[in-house]
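First the structure, in the form of structure tokens, and then the observations on it.
The values are calculated or read from the model by the stated rules, or taken from the named source; none is laboratory data. Here the structure is a predicted model, which means the values were calculated and not measured. Cβ placement follows ideal geometry from the backbone for every residue including glycine, while neighbour counts extend to all protein chains displayed. Quick note on the areas: whole protein, heavy atoms, side chains included, nothing else; ligands and nucleic acids left out. Shrake-Rupley method; radii C 1.70, N 1.55, O 1.52, S 1.80 Å.
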Amino acid sequence: MTPSLLHQILDYANRADPYPIYKELRKTPVHHEGDGPYVVSTYYEIRSLLHDPRISSDARNLASNTADPLASEAPAQETALPPGFLKLDPPEHDRLRRMANRPFGPPHSPHRVDGMRGELHDIVTGLIDGIGDPERIDLVEQFSYPFPVTVICRLLGVPREDEARFHVWADTLAAGLDPDPDAGTAQRGEDTQDARMQLGMYLAGLIEERRKNPGEDMLSQLATAEGEDGPMTTMELLSTAALLLIAGHETTVNLITNGMLTLLRNPGVLQRLRADPRLAVPIVEELLRFEPPVQLVPQRTALADIEVRGVTIPRGAPIWLVLASGNRDPQRFEDPDRFDPDRKDIQHLGLGSGIHSCFGAPLARLETQFALAELARRLENPRLLEEVPPYRRNAVLRGPRHLSITCDGIRP
């Protein structure tokens, strides 16, 4: 008996290449099994629903008689904290996102991300300098993981001497998102809970310190904001900081790792990038289409009966929007299974769309552009040691858990 498509999407055996399953899924643009979610897999339908106010991100709107097998795989937060704006609907979502954006982007802070270019370059340089033996490199452990969490520390204003502690907490929380079936569930849960508590206490102390002695960092500006919405409460600030750490960090780790894997499988593009680092911009956009770090968006709920391609999704039903499938939809993209950084029309779904489009998108793009351009420039003749690396178990946040590569040397 052939497993259901839903089972195949969740099956770890298909994590390395889920795209044939998505191709099959698109034959039924709105796929439904039993009391499970309504799975939407085609580009135009996904994009429409991402902008539809009848779709809720608040789990409290989910009907009690439905089942969502991915409810535990979305980015998690400490249960004692209020939900981050990612899991809220307007008007609460709009207020918190607007407040978080004041110190992060236009119109109030137009130079926040662009102003980090020098710091991003220094962090990337330091990590590549520290790689050591070029004959065996684990790109995830030695580069893709530490890079974005260091950036988040600098963005929030975590003192340099505390960054190592922050890294440990981030790694533990990441492991909680991506469970190891061989590890004890109870112990893993305790470790994750302990890390969340320690991180929460640390951030609460840092927030109080920033209120007394504000600096130029983002946490200081959030803690002392005096905009039209007033300041965030301490609990809202903690929730927002946790969201920035977990959601932003995890997405960028996968984008960088998927990016390097794709470039190593497309050596002609890698050579072009080495010769012209400006190519990093279109490469990252095509990567967001071709190998998006977030494969699907679960935990959406219909607030009313909604008809999509002749199928009525009833009020209260769970919905999955399979972004990675929409990005490979031949009705939208020509030759969608080909990696082509020269693609002209590339309005992908890799960072979502609508009110919940990726908050940290400008930073994630810039981090990945710097990372891939410098790796291409400095690694001499890089090659994969494993054609198919071991993948993380998470079906939502898809990327290699390790990426073993070798090279002939590291250029200065």
**Prompt:** Could you say whether any residue in the range 369-389 is open to solvent by less than 20 Å² (accessible area, probe 1.4 Å) and polar (S, T, N, Q)?
**Reply:** no
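Being farther than 21 Å from residue 156 by Cβ and at pLDDT below 90 narrows it down to one of 107, 103, so name that one.
Numbers: 103 fails: farther than 21 Å from residue 156 by Cβ.
Only one candidate qualifies: 107.
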**Prompt:** If you take the residues of the range 400-410 that are modelled with pLDDT of 95 or more and either part of a loop (DSSP other than H, G, I, E, B) or among the acidic types (Asp, Glu) (or both), which of them is surrounded by the fewest Cβ atoms within 10 Å (Cβ to Cβ)?
**Reply:** 408
**Asked** Looking at the range 327-348, is at least one residue assigned to a helix (DSSP H, G or I), modelled with pLDDT of 95 or more and hydrophobic (A, V, I, L, M, F, W, C)?
**Response** no
**Request:** For the range 134-169, enumerate the residues that are in contact with a Pro (Cβ under 8 Å, 6 or more places away or on another chain) and open to solvent by 30 Å² or more (accessible area, probe 1.4 Å).
**Result:** 167
**Message:** List the residue pairs whose Cβ atoms are under 7 Å apart, where the first residue sits in the range 374-399 and is free of Cβ contacts under 8 Å to residues at least 60 places away in the same chain and at positive phi, the second is open to solvent by 70 Å² or more (accessible area, probe 1.4 Å) and in a loop (DSSP other than H, G, I, E, B), and the two are 6 or more positions apart or on different chains.
**Reply:** 381/408
**Asked** Among the helices (runs of 4 or more DSSP H) confined wholly to the range 197-312, which include 1 or more residues that are surrounded by fewer than 16 Cβ atoms within 10 Å (Cβ to Cβ) and more than 26 Å from the chain's Cα centre (by Cα)?
**Response** 267-275
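For the range 138-175, name all the residues that are basic (Lys, Arg) and either closer than 25 Å to residue 373 by Cα or free of Cβ contacts under 8 Å to residues at least 12 places away in the same chain (or both).
Going residue by residue through the range 138-175, those that are basic (Lys, Arg) are 154, 160, 165.
Passing the criteria: 154, 160.
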